[in-house]
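Trainee: Before I ask anything, here is the structure I am working with.
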Amino acid sequence: MGQKLAGKVAVITGGGGGIGKNVALGLAAEGASVVINDFGTGPDGIKLADKAADEVKKAGGKAAASYDSVTTVVSAAKIINTATGNFGRVDILVNCAGNMVGIPTLDITQEQWDATLAIHIGGHFACSQAAAREMVKQKSGGSIINFASRGAFPFWGSSSSSYAVAKAGILGFTTALSQELKKYDIRVNAISPNASTPLFPSVEPRGGMGIPKTTSLDPSDIAPLIVYLVTDAAKNITGQFIYAAGGDFCIFDRPLQPKLYIRKIGKWTVDELGDVIPNLGLGQ
């Protein structure tokens, strides 16, 4: 086992399987003590968090399990308290917990919409607030990794608007939180992973939006980049949006970068806009 994270304590929400479990194993392999949070239960009736924690321990690492929801500040505080109670501190938070309601806007219910945003945006907020408060008290910096998605700006013809809103919100949250916490040496970055997971199972290569098709969809491929980003070697990297898949990674530019800027001195008329806008190719 490595020692890049010796003495550090990490919390991974949604860590009972898929990408989250592999991140937990990767962090533990570098010496971090890990809290694996997941409220799911396997077909055998055993909590996924317990199974993942046992896997970390069998590999020689230190782990504790948490089953609390990420969706409220009260339950999120319990997740972080699992870290401080078992290991005395928290240095790293990986917000991996998520869900997917693939229902079109015309058909989705209020409850389904709220559930999507509660886990993604609500969970990122509640867990980040609780973890950051501890990191600030410790006065030794820290690292938060958020899980976004290219699904924030769907390119595949049809998607769930609730999922798009949730993931776009996480990008905005990452930007704002990274600025807020920079003075405390706490960095905040967002990962947009591309892998086969319980939410998005696939065996076919995926690409699009200027990204080549994947060479691998193994969820374990995502872990090394996240582990690197929480080490001291990446202490100056914050507020970044990073795509990861197989052996690929891509640094995304900020959303809302100007594409075309036009100014007229004075107020536009509707007729003037009618002469200008149709020639800009916006409908293509």
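The values are calculated or read from the model by the stated rules, or taken from the named source; none is laboratory data. Since the model is a prediction, treat every value here as computed from it, not as a measurement. Using ideal geometry, Cβ is built from the backbone for each residue, glycine included, and neighbour counts are taken over all protein chains shown.
Trainee: Among the residues of region 220-236 satisfying the criterion of being of a type outside the set (Val, Ile, Thr), at pLDDT below 95 and touching a helix residue (DSSP H, G or I) at 6+ places or on another chain (Cβ under 7 Å), which is farthest from Val94 (Cα to Cα)?
Mentor: So the residue we want is Ser220.
Yes/no per residue for (1) modelled with pLDDT under 95; (2) surrounded by 17 or more Cβ atoms within 10 Å (Cβ to Cβ); (3) of a type in the set (D, E, K, R):
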site: Glu180; (1), (2), (3): no, no, yes
site: Gly207; (1), (2), (3): yes, no, no
site: Thr215; (1), (2), (3): yes, no, no
site: Asp218; (1), (2), (3): yes, no, yes
site: Arg254; (1), (2), (3): yes, no, yes
site: Lys264; (1), (2), (3): yes, no, yes
site: Lys267; (1), (2), (3): yes, no, yes
site: Val276; (1), (2), (3): yes, no, no
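Trainee: With respect to Gly239, determine if the residue is at pLDDT 90 or above, on the phi > 0 side of the Ramachandran plot and surrounded by 12 or more Cβ atoms within 10 Å (Cβ to Cβ). Walk me through how you get there before you give the answer.
Mentor: Details: at pLDDT 90 or above: yes; on the phi > 0 side of the Ramachandran plot: yes; surrounded by 12 or more Cβ atoms within 10 Å (Cβ to Cβ): yes.
Here the answer is yes, as Gly239 does meet what is asked.
Trainee: Looking at (1) of a type in the set (A, V, I, L, M); (2) free of Cβ contacts under 8 Å to residues at least 12 places away in the same chain; (3) crowded, with 21+ Cβ neighbours inside 10 Å, which is the only condition Ala126 fails?
Mentor: All conditions are met except number (2).
Trainee: Next up: Could you grab me the full set of residues in region 41-67 that are of a type in the set (A, V, I, L, M) and more than 19 Å from Val227 (Cα to Cα)? Talk me through it step by step, then tell me what you get.
Mentor: Initially, region 41-67 is screened for residues of a type in the set (A, V, I, L, M), giving 46, 48-49, 52-53, 56, 59, 63-65.
Passing the criteria: Ile46, Leu48, Ala49, Ala65.
Trainee: Another one. Filter region 10-40 down to the residues that are part of a helix (DSSP H, G or I) and within 18 Å of Thr231 (Cβ to Cβ) and list them by number. Before the answer, list the steps.
Mentor: Residues of region 10-40 that are part of a helix (DSSP H, G or I), as a first pass: 18-29.
Residues satisfying the conditions are Asn22, Val23, Ala24, Leu25, Gly26, Leu27, Ala28, Ala29.
Trainee: Return the residue satisfying two criteria in turn: it lies in region 133-159 and is among the hydroxyl-bearing types (Ser, Thr, Tyr) and modelled with pLDDT of 85 or more, and of such residues it is surrounded by the most Cβ atoms within 10 Å (Cβ to Cβ). Full working, then the answer.
Mentor: Narrowing region 133-159 to residues among the hydroxyl-bearing types (Ser, Thr, Tyr): 140, 143, 149, 158-159.
With the extra rule that they be modelled with pLDDT of 85 or more, the set shrinks to 140, 143, 149.
On the way: Ser140: 14, Ser143: 27, Ser149: 24.
The selected residue is Ser143.
Trainee: Checking Leu27 against (1) buried (at least 24 other Cβ atoms within 10 Å of the Cβ); (2) in contact (Cβ under 8 Å) with a residue 60 or more places away in the chain; (3) over 15 Å from the mean Cα position of the chain (by Cα); (4) closer than 19 Å to Pro198 by Cα, which single condition isn't satisfied?
Mentor: (4)
Trainee: All but one of (1) outside any helix (DSSP H, G or I); (2) surrounded by fewer than 24 Cβ atoms within 10 Å (Cβ to Cβ); (3) at pLDDT 95 or above; (4) not β-branched (Val, Ile, Thr) hold for Pro43; state the number of the condition that does not hold.
Mentor: Among (1) outside any helix (DSSP H, G or I); (2) surrounded by fewer than 24 Cβ atoms within 10 Å (Cβ to Cβ); (3) at pLDDT 95 or above; (4) not β-branched (Val, Ile, Thr), Pro43 violates only (3).
Trainee: Val74 is checked against (1) in contact with a Ser or Thr (Cβ under 7 Å, 6 or more places away or on another chain); (2) modelled with pLDDT of 95 or more and fails just one. What number does that condition carry?
Mentor: With respect to (1) in contact with a Ser or Thr (Cβ under 7 Å, 6 or more places away or on another chain); (2) modelled with pLDDT of 95 or more, Val74 is out only on (1).
Trainee: So, one more: Determine which single condition Val35 fails, assuming it passes every other condition in (1) touching a Gly at 6+ places or on another chain (Cβ under 6 Å); (2) touching a residue at least 40 places away in the same chain (Cβ under 8 Å); (3) within 12 Å of Val9 (Cα to Cα).
Mentor: (1)
Trainee: So which residues in region 57-78 are assigned to a helix (DSSP H, G or I), surrounded by 16 or more Cβ atoms within 10 Å (Cβ to Cβ) and either hydroxyl-bearing (Ser, Thr, Tyr) or in contact with a helix residue (DSSP H, G or I) (Cβ under 6 Å, 6 or more places away or on another chain) (or both)? Can you show your working first?
Mentor: Looking only at region 57-78, we keep the residues that are assigned to a helix (DSSP H, G or I), and these are 57-58, 73-78.
Of the ones still in play, those that are also surrounded by 16 or more Cβ atoms within 10 Å (Cβ to Cβ) are 75-78.
Hits for region 57-78 are Ser75, Ala76, Ala77.
Trainee: With the requirement that a residue be part of a loop (DSSP other than H, G, I, E, B) and closer than 23 Å to Val188 by Cα, what does region 242-265 give you? It would help to see each step written out before you state the result.
Mentor: Start the filter on region 242-265 by keeping residues that are part of a loop (DSSP other than H, G, I, E, B), which leaves 246-247, 253-265.
Residues satisfying the conditions are Gly246, Gly247, Asp253, Arg254, Pro255, Leu256, Gln257.
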